[in-house]
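Student: Dropping a structure here in structure tokens format, bear with me for questions.
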Protein chains: 2
Amino acid sequence: MQILTARTALLPDGWANDVAITLDDAGRIAQVTQGAGAATHDILLPAPANLHSHTFQRAMAGLTERRGPDAADSFWTWRRLMFRFLDQLTPDDIEAIAAFAFAEMLEAGFARVAEFHYLHHAPGGVPYADPAETGARIAAAALDAGIGLTLLPVLYSQGGVDGRALAPGQVRFGCDIDAFAALMQGAERIMAGLPADCGLGAAPHSLRAVRPADLGAVAALTDGPLHMHLAEQVPEVEEVQTAYGARPVDWALANMDLGPRWCLIHCTQMTAAETRALAATGAVAGLCPETEASLGDGIFPAEGWVAAGGRFGLGTDSNIRISLAGEMRMLEYAQRLQSRRRAVLADPARSTARRILDAALAGGAQATAQPTGAIVPGHWADLIALDGAHPDLVAATGDTILDAFAFARAEAAITDVWSAGRHVVRGGRHMARDRITARYRATMRRLTDRL
Amino acid sequence: MQILTARTALLPDGWANDVAITLDDAGRIAQVTQGAGAATHDILLPAPANLHSHTFQRAMAGLTERRGPDAADSFWTWRRLMFRFLDQLTPDDIEAIAAFAFAEMLEAGFARVAEFHYLHHAPGGVPYADPAETGARIAAAALDAGIGLTLLPVLYSQGGVDGRALAPGQVRFGCDIDAFAALMQGAERIMAGLPADCGLGAAPHSLRAVRPADLGAVAALTDGPLHMHLAEQVPEVEEVQTAYGARPVDWALANMDLGPRWCLIHCTQMTAAETRALAATGAVAGLCPETEASLGDGIFPAEGWVAAGGRFGLGTDSNIRISLAGEMRMLEYAQRLQSRRRAVLADPARSTARRILDAALAGGAQATAQPTGAIVPGHWADLIALDGAHPDLVAATGDTILDAFAFARAEAAITDVWSAGRHVVRGGRHMARDRITARYRATMRRLTDRL
């Protein structure tokens with residue numbers, strides 16, 4: 001048992017002063033009281049889940065910003081480079097990169113992550129001796145870094161909506177539904193060895209990569225959350241429209257049992273009617289604003305989504321620059337660039353960053369199916385401490401603390417992060433940063449000719 | 001005299017290994033040779049100028065992200081809050097905030113700054129006993145922080161293009177052209193006390209705030225660079241169109257002697273024809289992508305500008321989040337969100353970040369009228385050192401170093417920054433960070449009820 005005290009904390013009803021949070025030995029919040037005396041921390045916030053990540057892509061950050069013969073000037077040319085890159089990764093590489101990305105996520109203020117894991121097989125598409133080998137590596141990395149993991153094994157079984165075979169770059173992902181069921185069994189064994197705040201879901205990759213008949217079968221293989229990429233790119237919308245006679249979101253609404261179990265990633269290409277109808281299902285929109293900008297996906301219709309009561313959360317996806325503050329900021333700034341207004345996602349009661357963080361906390365909890373996202377008894381102790389002496393926080397109270405975090409420089413005020421009570425970041429540094437970074441560096445040195 | 005050596009450096013002809021740079025005692029580069037032995041630094045880059053800043057706005061960062069009674073949901077409501085805020089600032093506050101912003105700029109990799117300085121008078125619009133008091137405070141802050149300063153006293157003489165009087169929030173800026181001439185004389189005296197890499201220019205604030213007849217008079221008062229806000233907001237375009245019968249850029253092209261002396265800030269509202277014609281003048285477009293996103297200005301037509309041979313540089317403007325990497329990234333990401341392509345500003349020979357940095361180096365030199373922007377003899381020794389052991393740089397060579405800097409996390413790899421040979425940042429920290437930050441904190445505590 002431990003007790004954390006804060007001068008200011010963000011509770012479900014809003015900001016409160018002199019708060020004491022008691023953690024039990026299982027990493028849950030046991031009690032929250034006010035009126036405590038001397039505080040151990042200046043500011044305590046609930047730490048959200050990162051609801052969408054492909055950890056291995058962290059190692060490509062900064063390597064695909066060129067034109068020319070090795071072009072990366074669209075999502076699709078970038079994907080070709082990504083396929084070429086991942087074809088060199090060994091299980092050791094996958095684990096080293098994941099541990100590094102997880103440590104960065106914790107330092108950025110994410111307490112947990114939903115890893116959308118599709119890199120299943122050895123180069124050439126040959127299954128490993130243990131078919132769940134790479135999932136085990138992701139789990140080992142999460143255990144090492146101390147992050148809460150929701151593992152989402154991915155079904156990826158075709159090269160396009162016409163049912164064509166996988167391209168050479170895709171064969172490391174490939175499963176039919178039976179092989180996927182075996183992968184899910186392996187993943188269950190793996191996750192049984194992780195802490196109680198870790199869990200399992202499943203992810204049909206996208207309407208491009210999964211046969212319609214298999215969508216229901218994936219959902220039947222788990223009680224956990226279901227995640228799928230949806231309506232990210234214009235060519236994808238056109239491909240689905242041509243093959244299925246409907247736009248992706250319209251098709252999914254008509255043919256899938258969408259609801260709160262689902263987290264639909266990106267949704268950057270929706271009509272106003274699709275936006276309203278999808279929001280009404282209670283599914284979470286999994287927004288990855290920094291990656292969506294990097295890949296030229298487009299701008300999520302956030303105002304229409306929120307007006308329709310839609311739920312959303314934040315993910316770091318390609319992990320090109322892992323930053324909770326950065327994802328919050330890019331979400332709002334993309335809206336401003338489009339609408340030419342400010343404070344687009346604020347409401348009369350909450351500032352811009354407060355409303356975005358509130359959504360990310362609830363959406364992240366729903367998308368990982370974990371009791372988290374608020375400082376209340378029974379929830380995992382997923383917490384961020386901020387240093388009130390940071391220059392951007394000296395004059396900040398209430399919601400302006402979060403605005404300073406997302407829009408100014410108070411991201412650097414993060415001192416401590418706890419994931420289900422595991423105190424993994426202190427003094428702004430992950431406890432094992434040096435060791436995890438040294439391993440990542442060695443991996444990167446081996447991969448130098450990869451692109 | 002000192003000698004810096006680097007394993008890799010960005011020279012005018014491209015990346016070179018084993019480079020030695022000799023600095024003379026005046027802070028200029030005296031000699032550049034290759035084939036040096038053991039290196040003192042891993043990577044050395046030329047450090048650009050920050051071509052647009054209003055330092056006092058740094059203190060508002062994070063405080064204007066709300067709706068409701070104290071709305072800040074458009075550029076114009078934000079401007080009302082900004083006017084209310086600045087009305088509380090004393091000369092001491094102005095100096096403390098400027099020193100803090102300058103130290104942050106240096107830590108971010110900017111070696112110098114063009115300060116667009118319009119806060120001339122005491123509250124109520126009363127001139128200080130020394131009319132150049134606030135300019136002297138900016139200069140003192142620059143000297144304290146060790147940044148190269150180009151001071152741009154601003155002429156601000158009307159409340160709108162109809163010639164109306166200044167609003168109460170604007171009276172601290174107000175000058176007629178005669179009072180401005182006196183301010184310029186005071187500024188000359190002030191700048192004579194600064195190092196040789198500091199200089200003076202002038203800035204008619206905007207077509208909104210300056211009478212057409214005064215534009216030529218401002219230009220005649222200095223041999224230095226001329227800066228002006230232009231075509232930032234749609235309502236501004238409409239106001240100028242109504243009053244003058246032409247859009248702002250069209251009007252400026254027809255009525256001003258535009259050319260390489262000019263730096264035109266924002267230009268986010270231009271037609272394709274305006275873009276081509278303005279680019280052809282040789283003026284620098286002063287882009288401030290993070291502020292332009294924050295204020296909902298819109299997206300600069302960068303592709304058309306660059307295709308027409310247009311020059312540009314980068315500025316931090318409102319200073320809401322001072323970051324060279326952040327400005328580079330937001331410039332490119334706004335283009336990607338609009339065009340739905342990647343690597344928009346790359347060309348076949350240079351990566352995205354390389355091409356942006358090349359432009360920012362040349363544009364910043366032109367906009368400050370200083371010999372800087374390249375590692376060549378005769379230029380100021382404006383330099384950035386990066387730690388090659390940063391995880392994002394371990395596998396990076398050539399242009400990917402800059403892509404990792406702008407798009408991944410290698411901003412944190414900055415170890416050292418020199419401004420005209422002044423070695424002001426070491427180990428990633430400004431040498432006087434603690435002292436300058438303590439003073440800024442005290443200022444912020446005094447200003448707590450300001451918005």
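Student: So which residues in the stretch A:104-142 are touching a Ser or Thr at 6+ places or on another chain (Cβ under 9 Å), farther than 24 Å from A:P225 by Cβ and among the aliphatic types (A, V, I, L, M)?
Tutor: Result: A:A122, single match.
Student: Can you list the helices (runs of 4 or more DSSP H) lying wholly within the stretch B:163-247 that have 2 or more residues being closer than 27 Å to B:W78 by Cβ and β-branched (V, I, T)?
Tutor: B:234-244
Student: Next up: Filter the stretch A:295-310 down to residues that are out of contact with any His (no Cβ under 7 Å at 6 or more places or on another chain) and over 25 Å from B:R67 (Cα atoms) and give me whichever is nearest to the other protein chains (Cβ to nearest Cβ).
Tutor: So the residue we want is A:G296.
Student: Quick check: anything in the stretch B:113-128 of a type outside the set (A, V, I, L, M, F, W, C), within 14 Å of chain A (Cβ to nearest Cβ) and at negative phi?
Tutor: no
Student: Something else about it: Mind checking whether some residue in the stretch A:65-88 is closer than 18 Å to A:D317 by Cβ, hydroxyl-bearing (S, T, Y) and free of Cβ contacts under 8 Å to residues at least 24 places away in the same chain?
Tutor: Within the stretch A:65-88 (the criterion being closer than 18 Å to A:D317 by Cβ, hydroxyl-bearing (S, T, Y) and free of Cβ contacts under 8 Å to residues at least 24 places away in the same chain), the answer is yes, since at least one residue qualifies.
Student: Please indicate, with yes or no, whether at least one residue in the stretch A:386-397 is hydroxyl-bearing (S, T, Y), touching a residue at least 24 places away in the same chain (Cβ under 8 Å) and within 28 Å of A:D297 (Cβ to Cβ).
Tutor: Looking through the stretch A:386-397, none of the residues is hydroxyl-bearing (S, T, Y), touching a residue at least 24 places away in the same chain (Cβ under 8 Å) and within 28 Å of A:D297 (Cβ to Cβ).
Student: Go through the stretch B:192-215 and report how many residues are over 30 Å from B:Q241 (Cβ atoms), surrounded by 21 or more Cβ atoms within 10 Å (Cβ to Cβ) and not small (G, A, S). Step through it out loud before you land on a result.
Tutor: Of all residues in the stretch B:192-215, those over 30 Å from B:Q241 (Cβ atoms) come to B:192-200.
Within this subset, residues satisfying the condition of being surrounded by 21 or more Cβ atoms within 10 Å (Cβ to Cβ) are B:197-200.
Of the ones still in play, those that are also not small (G, A, S) are B:197-198, B:200.
Here the count works out to 3.
Student: State which residue is nearest to B:H379 (Cα to Cα) when the search covers only the stretch B:105-134 and only residues that are outside any loop (DSSP other than H, G, I, E, B) and out of contact with any strand residue (DSSP E or B) (no Cβ under 8 Å at 6 or more places or on another chain). Steps first, please.
Tutor: Taking the stretch B:105-134 first, the residues outside any loop (DSSP other than H, G, I, E, B) are B:105-108, B:112-117, B:123-125, B:133-134.
After this cut, where a residue has to be out of contact with any strand residue (DSSP E or B) (no Cβ under 8 Å at 6 or more places or on another chain) as well, the list is B:123-125, B:133.
Details: B:P123: 41, B:G124: 43, B:G125: 41, B:E133: 31 Å.
Only one residue tops the list, namely B:E133.
Student: Sticking with this one: Here are the criteria: (1) at the interface with chain A (Cβ under 9 Å from one of its Cβ atoms); (2) more than 22 Å from B:G398 (Cβ to Cβ). Tell me which single one B:G313 does not satisfy.
Tutor: Checking B:G313 against (1) at the interface with chain A (Cβ under 9 Å from one of its Cβ atoms); (2) more than 22 Å from B:G398 (Cβ to Cβ), the one that fails is (1).
Student: Among (1) away from every other protein chain (no Cβ under 14 Å); (2) assigned to a helix (DSSP H, G or I); (3) aromatic (F, W, Y), where does B:F102 come up short?
Tutor: Of everything listed in (1) away from every other protein chain (no Cβ under 14 Å); (2) assigned to a helix (DSSP H, G or I); (3) aromatic (F, W, Y), B:F102 misses just condition (1).
Student: Then there's this: Output the number of residues of the stretch A:140-176 satisfying the condition of being more than 16 Å from A:D197 (Cβ to Cβ) and surrounded by fewer than 19 Cβ atoms within 10 Å (Cβ to Cβ).
Tutor: 12
Student: Which is touching an Asp or Glu at 6+ places or on another chain (Cβ under 7 Å) and modelled with pLDDT under 95, of A:M60, A:M1?
Tutor: A:M1
Student: Can you name every residue in the stretch A:282-294 that is in a loop (DSSP other than H, G, I, E, B) and either surrounded by fewer than 24 Cβ atoms within 10 Å (Cβ to Cβ) or within 14 Å of chain B (Cβ to nearest Cβ) (or both)? Don't jump to the end; show me each part of the working.
Tutor: Within the stretch A:282-294, the first condition is being in a loop (DSSP other than H, G, I, E, B), and the residues that meet it are A:282-283, A:288.
Those that are in a loop (DSSP other than H, G, I, E, B) and either surrounded by fewer than 24 Cβ atoms within 10 Å (Cβ to Cβ) or within 14 Å of chain B (Cβ to nearest Cβ) (or both): A:G282, A:C288.
Student: Search the stretch A:160-188 for residues being free of Cβ contacts under 8 Å to residues at least 60 places away in the same chain, in contact with a helix residue (DSSP H, G or I) (Cβ under 6 Å, 6 or more places away or on another chain) and among the small types (G, A, S), and hand back the single one that is farthest from A:G27 (Cα to Cα).
Tutor: Among those that are free of Cβ contacts under 8 Å to residues at least 60 places away in the same chain, in contact with a helix residue (DSSP H, G or I) (Cβ under 6 Å, 6 or more places away or on another chain) and among the small types (G, A, S), it is A:G174.
Student: Also: Please work out if A:A389 is out of contact with any Asp or Glu (no Cβ under 7 Å at 6 or more places or on another chain), more than 25 Å from A:A307 (Cβ to Cβ) and part of a loop (DSSP other than H, G, I, E, B).
Tutor: Details: out of contact with any Asp or Glu (no Cβ under 7 Å at 6 or more places or on another chain): yes; more than 25 Å from A:A307 (Cβ to Cβ): yes; part of a loop (DSSP other than H, G, I, E, B): yes.
The answer is yes for A:A389.
Student: A follow-up question, please. Name every residue in the stretch B:399-451 that is part of a loop (DSSP other than H, G, I, E, B) and at the interface with chain A (Cβ under 10 Å from one of its Cβ atoms), in order of residue number.
Tutor: Within the stretch B:399-451, B:A408, B:R409, B:L447, B:T448, B:D449, B:R450, B:L451 qualify.
Student: From the list A:T368, A:T352, exactly one residue is of a type in the set (S, T, Y), in contact with a Gly (Cβ under 8 Å, 6 or more places away or on another chain), at pLDDT 95 or above and crowded, with 22+ Cβ neighbours inside 10 Å. Which is it?
Tutor: So the residue among A:T368, A:T352 that is of a type in the set (S, T, Y), in contact with a Gly (Cβ under 8 Å, 6 or more places away or on another chain), at pLDDT 95 or above and crowded, with 22+ Cβ neighbours inside 10 Å is A:T368.
Student: OK, next. Checking the condition in a loop (DSSP other than H, G, I, E, B) and touching a helix residue (DSSP H, G or I) at 6+ places or on another chain (Cβ under 6 Å), which residue from A:I356, A:I375, A:I322 passes?
Tutor: Checking each option against the conditions leaves just A:I322.
Student: Something else: Of all residues being assigned to a loop (DSSP other than H, G, I, E, B) and within 7 Å of chain B (Cβ to nearest Cβ) in the stretch A:325-353, which is farthest from B:L295 (Cα to Cα)? Just the residue, please. Steps first, please.
Tutor: Going residue by residue through the stretch A:325-353, those that are assigned to a loop (DSSP other than H, G, I, E, B) are A:340-346, A:348-349, A:351.
Subset that is within 7 Å of chain B (Cβ to nearest Cβ): A:340-343, A:346, A:348, A:351.
Numbers: A:R340: 8, A:R341: 7, A:R342: 6, A:A343: 9, A:A346: 14, A:P348: 19, A:S351: 15 Å.
Out of the qualifying residues, it is A:P348.
Student: Now for a different question. Name every residue in the stretch A:358-407 that is in contact with a His (Cβ under 6 Å, 6 or more places away or on another chain) and over 21 Å from A:L287 (Cα atoms), in order of residue number.
Tutor: A:A385
Student: Looking at the structure I just gave you, is A:I29 away from chain B (no Cβ under 14 Å) and free of Cβ contacts under 8 Å to residues at least 60 places away in the same chain?
Tutor: no
Student: Just to be sure I understand, how many residues within the stretch B:37-93 are over 19 Å from B:M105 (Cβ atoms), in a loop (DSSP other than H, G, I, E, B) and within 11 Å of chain A (Cβ to nearest Cβ)?
Tutor: Within the stretch B:37-93, residues that are over 19 Å from B:M105 (Cβ atoms), in a loop (DSSP other than H, G, I, E, B) and within 11 Å of chain A (Cβ to nearest Cβ) number 12.
Student: Now for a separate question. What residue, of A:D250, A:D297, A:D257, is assigned to a loop (DSSP other than H, G, I, E, B) and surrounded by fewer than 24 Cβ atoms within 10 Å (Cβ to Cβ)?
Tutor: Answer to the selection: A:D257.
Student: Further question on the same structure: Answer with yes or no whether A:V376 is closer than 20 Å to A:A39 by Cα and surrounded by fewer than 19 Cβ atoms within 10 Å (Cβ to Cβ). Don't jump to the end; show me each part of the working.
Tutor: Numbers: closer than 20 Å to A:A39 by Cα: yes; surrounded by fewer than 19 Cβ atoms within 10 Å (Cβ to Cβ): yes.
For A:V376, the condition - closer than 20 Å to A:A39 by Cα and surrounded by fewer than 19 Cβ atoms within 10 Å (Cβ to Cβ) - is met.
Student: Checking the conditions here, which among A:A36, A:A72, A:A47, A:A30 is among the small types (G, A, S), touching an Asp or Glu at 6+ places or on another chain (Cβ under 8 Å) and within 29 Å of A:H121 (Cβ to Cβ)?
Tutor: Among A:A36, A:A72, A:A47, A:A30, only A:A72 is among the small types (G, A, S), touching an Asp or Glu at 6+ places or on another chain (Cβ under 8 Å) and within 29 Å of A:H121 (Cβ to Cβ).
Student: Please indicate, with yes or no, whether at least one residue in the stretch B:38-47 is under 22 Å from B:R446 (Cα atoms) and either surrounded by 23 or more Cβ atoms within 10 Å (Cβ to Cβ) or modelled with pLDDT of 95 or more (or both).
Tutor: Restricting attention to the stretch B:38-47, the residues satisfying the condition of being under 22 Å from B:R446 (Cα atoms) are none.
No, the stretch B:38-47 contains no residue that is under 22 Å from B:R446 (Cα atoms) and either surrounded by 23 or more Cβ atoms within 10 Å (Cβ to Cβ) or modelled with pLDDT of 95 or more (or both).
The values are calculated or read from the model by the stated rules, or taken from the named source; none is laboratory data. Just so it is clear, the structure is predicted and the values come from calculations on it, not from any experiment. Virtual Cβ from ideal backbone geometry, glycine too; neighbours counted across all protein chains shown.
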